Structures are given as structure tokens and as C-alpha cells.
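The structure appears right after this line, and notes come after that.
The values are calculated or read from the model by the stated rules, or taken from the named source; none is laboratory data. Being a predicted model, the structure only gives us computed values, none of them experimental. No Cβ is skipped: glycine too gets one built from the backbone with ideal geometry, and neighbour counts run over all protein chains shown.
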Amino acid sequence: MKRLWGGLLLFSALMVIAVPVQADEVEDLKQMVQELKDEVEALKADRTHESGIEQAVDEYLSAQAAEGTGDLAGYMDGKFGFQSAEGGFQLNVGGGIAFDGRFYEPTGAQNNTWDVELIRLRLTGQVGEGWAFKIQPEFTTDGDVYLMDAYIRTNSAAVFGETGSEYFDGIDWTFGQSRVPFSLSIQTSDYQLDTIMRPVMVRALPIGRDIGLTLSNTVADDMLYWALAMTNGENTTNTSDNFWYWARVVFAPWVNDDEGAVKNLHFGLSFGTAHTPGRAVGSTAGMSSAGGGPYGMVGSSSYPSMGNFYPTATVKGREMLWGLELLWWMEQFAVKSEFFYFTQDLADDPDLDSEADTMGFYVTFDYMLTGEEWSEAPSSGIELVAEIEWGEVDAGGDSDEGDFWAYTLGANYYFSQNVRFQFNWVMTDFGDYTYRPSYEDGYVRGGGVDHNWLLRLILTF
């Protein structure tokens with residue numbers, strides 16, 4: 001409209017200069033200019049009126065939201081879910097499924113098979129300001145249902161108010177069943193593992209999920225993370241009055257260095273201990289007997305453990321677990337490593353020492369062959385994986401220094417961030433005093449080499 005007004009004024013001036021005009025013609029031109037001015041002002045008034053309408057609409061929608069209408073549902077921010085209009089309630093739905101192929105040589109106690117794994121439904125969300133939750137059941141092809149996660153998470157401000165939060169600034173409080181704060185591998189979702197199975201030592205030790213209270217916080221400008229927990233140690237109602245105590249500290253000194261090659265380098269230390277006299281450990285059911293963790297702590301994967309180091313025993317006193325971890329990734333390359341040391345005071349047994357010591361490590365190398373930047377869940381590309389593991393248990397007697405070595409070569413093909421195909425070849429070399437799988441007798445003592453070919457197709461949503 002301004003252009004129209006200016007053009008008309010210029011046109012009028014030119015006409016006045018170019019040709020002689022009569023006085024009445026000049027008056028006509030003035031009248032036309034005035035009419036144009038009036039029209040411009042009218043249009044401005046209309047725009048103001050329009051803004052008033054928009055304001056009224058906004059006020060109406062806000063009123064509807066306050067009354068509980070105007071709620072949102074569908075695919076939002078990369079998640080399926082529901083959210084109230086005022087944002088006070090939110091529910092997100094997710095989950096996943098994995099289809100496996102497993103082939104062994106020699107066959108042993110592990111049969112070649114196709115299987116469906118990791119059938120999980122995940123419900124997360126929040127209720128009010130500062131209160132979040134997670135419920136994650138897992139289903140099996142046998143029709144069983146296991147509860148993996150069920151917890152409430154909040155912050156100090158929600159628990160104590162603004163005054164109390166001064167003494168617990170930034171601390172998250174997790175109540176319920178969740179991952180214990182121990183081990184880098186345990187904190188990684190099954191859907192994001194770079195190998196199909198977790199390292200043998202991780203599956204062997206009493207670490208995973210448990211019921212209890214966890215406090216955690218990130219401080220020092222995101223360079224330091226700490227977590228403390230007290231849990232049942234049985235993943236059920238405590239029947240012994242003995243709790244497990246956990247602590248984990250992660251240090252990332254260069255996380256704020258945008259240009260440095262060590263930006264994504266972190267170190268961690270974990271600790272766990274409990275006084276558990278009378279707890280039964282050890283069996284010929286697999287290496288997990290070294291720790292004897294309950295089902296819920298290690299998940300429901302049907303992959304059996306690869307070995308066992310000593311027969312059934314009973315804990316006399318204290319159990320203590322240490323862990324060291326390292327993670328570093330730069331562009332397409334990543335390396336992860338952990339070392340574990342586990343000691344148990346055993347009850348008197350002529351075939352065993354008074355103390356059983358379990359130790360081991362793993363190192364995993366990842367490389368994105370197709371050039372994508374490595375992350376826990378790349379959106380595309382081919383990833384090469386190599387892993388080496390070692391473990392040893394010294395329980396005395398005939399089981400003295402049972403050990404193993406395991407080597408894994410694999411590849412991951414990412415169709416998308418939600419769909420991935422995995423292939424692993426695993427060779428396990430059992431020591432002379434290690435129980436190894438046997439088709440005839442379940443597990444037999446003696447050294448030997450097993451070869452496993454594993455396939456997995458994962459879909460998450």
C-alpha cells in the first residue's frame with residue numbers, strides 16, 4: 001500500500017509538471033490523494049482488528065487448555081505418546097524386538113536355533129513438575145513376563161522444595177527397580193550393544209538391575225558424574241536384611257573442549273559390596289554362578305553363560321566388587337574397556353579356599369567403515385567390531401585358577417537408527433579347570449574351544 005501511495009504521489013507530481021492544468025483539475029487531484037490516505041488508514045485499522053481477533057483466539061485456546069481440553073497425541077519429538085495441553089502429564093510409548101539365529105560348534109549344551117529375544121514394551125513419562133517414571137516389561141516366547149524397569153525419578157526441588165534443594169542441588173532421586181550404578185556395559189541398553197552378547201565377565205557378576213534407591217548428579221560443568229545406591233541384592237523383597245551398596249564415578253575432563261581429540265574420553269570407577277552370609281553361589285549351570293545374580297539383574301536373554309569355575313558354595317561373610325572403565329571415541333573410531341575384581345568370603349569347604357577371587361577384563365574396538373561418526377546408535381552405515389575378553393577365578397582346591405579367553409569379530413549394518421542387523425563370530429578358549437558346555441553332560445570340566453556364530457535383527461520404536 002505504501003508503494004501505491006508513493007507511486008500515485010509521484011505520478012501526480014509529474015502530471016502537474018508536464019502539462020498545464022486547470023484549477024478545478026488540481027482540486028480533483030487533491031481529493032483523490034485524500035481518498036487514498038483515508039483508504040490506507042482504514043487498512044491499518046483492519047490489521048489492528050485482525051490482531052485483536054488473533055489475541056482473542058489465543059485467549060480462548062489457553063482457557064480450553066486450562067480446562068483440560070486441547071490435549072496432544074501422536075508422534076511428537078521422535079516419540080509416540082500423549083501429552084496434556086498444559087504439559088503437566090506426558091506418556092511416551094516405545095519398545096523393541098530382536099530376531100536371533102544361533103549356531104554352535106561343537107553343539108554342546110547350546111543347540112542351534114532361531115529365536116525371538118528382547119520383546120519389550122517401554123512406558124516413560126512425567127506426572128507434574130519434576131516427577132518422571134519408567135515401566136518396562138519383557139515378554140518371552142514361552143508366555144512369561146518379566147519386569148525389567150519400574151521406577152520413579154525426581155529431583156531435589158520436587159522432593160524438598162526450593163529451600164531444601166539448596167543442600168541437594170541437582171541431585172536425581174530414583175526409587176524402584178533400575179540399573180545399579182556399576183559398569184559401563186550395564187548402563188548400555190541391550191538395543192545399543194555393539195556385540196550381540198554382553199562380555200562374559202559382565203554376565204558372570206552380580207550386576208544388572210535391582211530394587212532400591214539411587215542418588216545421582218552431574219557436577220563440575222558436566223565433567224564429573226556420580227551415583228550412589230542401596231539395593232536389595234535379590235531383585236525381589238529382601239529376605240535377609242542384607243543390602244548391596246553401590247557407587248560409580250565417571251570423569252570426563254575434556255567434555256567441554258569442542259576441538260580436542262579427547263573430548264569424548266571418559267574414565268570411571270565402580271564399587272559394590274554387601275554382607276551376605278548364607279548366600280548360595282556356584283553351580284554347574286554356567287559361569288553366572290560366580291556371582292549368582294538373580295534373573296532380573298541380568299535380563300532374560302536365553303544365551304547361556306559360557307563357563308563355570310567352581311561348584312556350589314556358600315558365602316560366609318562379605319562380597320566386594322570393583323570395576324574400572326574407559327570409553328573414548330573420535331569420529332568413526334571408538335574403544336571401550338572394563339576391568340573387574342570380585343572377592344567373596346566362602347564358608348568352610350574342604351574343596352575350596354576361604355576366599356574366591358574372580359577377575360577379568362574386556363576391550364572392544366568399533367570402527368564405522370562407511371565414514372559415519374560413531375555413536376551408540378548411528379542412523380546409517382556399516383560398523384566393524386572386535387572384542388577380546390579374559391577371566392579367571394581362583395577358589396582353591398581342584399578349581400584352582402580356572403580361566404578363559406574369548407574373541408569376537410562382528411559387523412553391524414544400520415538400516416536406520418531404529419533397525420540394525422548384527423553378525424558375531426565368537427571363539428571361546430576354556431582353561432583346564434573351567435566347566436565348559438557339553439551336549440551329553442551339560443557342563444564338564446576341561447579345556448576346549450567353542451565357536452559361536454550369532455545373528456540378530458533388532459527393531460526399536
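Summary of computed values
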read-out: Answer residue from region 165-185, given it is on the phi > 0 side of the Ramachandran plot and in contact with a helix residue (DSSP H, G or I) (Cβ under 9 Å, 6 or more places away or on another chain) and is surrounded by the most Cβ atoms within 10 Å (Cβ to Cβ) among those; value: S183
read-out: Qualifying residues in region 207-236 (those that are of a type in the set (A, V, I, L, M) and assigned to a loop (DSSP other than H, G, I, E, B)) - the one surrounded by the fewest Cβ atoms within 10 Å (Cβ to Cβ); value: A220
read-out: The one condition in (1) farther than 16 Å from V250 by Cβ; (2) within 23 Å of the chain's Cα centre (by Cα) that V159 fails to fulfil; value: (2)
read-out: Which listed residue, of F333, F271, is under 30 Å from L384 (Cβ atoms) and at pLDDT 85 or above; value: F333
read-out: Looking only at region 239-253, and only at residues there that are touching a residue at least 24 places away in the same chain (Cβ under 8 Å) and in a loop (DSSP other than H, G, I, E, B), the one that is farthest from the chain's Cα centre (by Cα); value: S240
read-out: Which numbered condition I211 misses (of (1) more than 20 Å from the chain's Cα centre (by Cα); (2) in contact (Cβ under 8 Å) with a residue 24 or more places away in the chain); value: (1)
read-out: Pairs where the first residue, in region 266-286, is closer than 15 Å to F342 by Cα and the second is among the aliphatic types (A, V, I, L, M) and modelled with pLDDT of 95 or more, C-beta under 6 Å, 6+ apart; value: L269/V249; F271/A247
read-out: Region 90-148 - residue that is of a type in the set (D, E) and outside any strand (DSSP E or B) and, of those, surrounded by the fewest Cβ atoms within 10 Å (Cβ to Cβ); value: D142
read-out: Residue list for region 189-208, restricted to those being among the aliphatic types (A, V, I, L, M) and either free of Cβ contacts under 8 Å to residues at least 60 places away in the same chain or outside the structural domain of A274 (by TED's automatic domain parsing) (or both); value: L193
read-out: Top-ranked residue of region 254-274 - restricted to ones that are of a type in the set (S, T, N, Q) and not in a loop (DSSP other than H, G, I, E, B), ranked as nearest to the chain's Cα centre (by Cα); value: S270
read-out: Positions within region 237-265 being exposed (fewer than 12 other Cβ atoms within 10 Å of the Cβ) and within 17 Å of R179 (Cα to Cα), in sequence order; value: T237
read-out: Answer from E355, E331, E373 - the residue that is acidic (D, E), without any contact (Cβ under 8 Å) to a residue 60 or more places away in the chain and touching a Leu at 6+ places or on another chain (Cβ under 7 Å); value: E355
read-out: Test: A377 is surrounded by 15 or more Cβ atoms within 10 Å (Cβ to Cβ) and hydrophobic (A, V, I, L, M, F, W, C); value: no
read-out: Answer residue from region 71-83, given it is surrounded by fewer than 16 Cβ atoms within 10 Å (Cβ to Cβ) and either of a type in the set (S, T, Y) or in a strand (DSSP E or B) (or both) and is modelled with the highest pLDDT among those; value: F82
read-out: Residues (more than 23 Å from M201 (Cα to Cα) and surrounded by fewer than 16 Cβ atoms within 10 Å (Cβ to Cβ)) located in region 328-366; value: M330, E331, F333, A347, D348, P350, D351
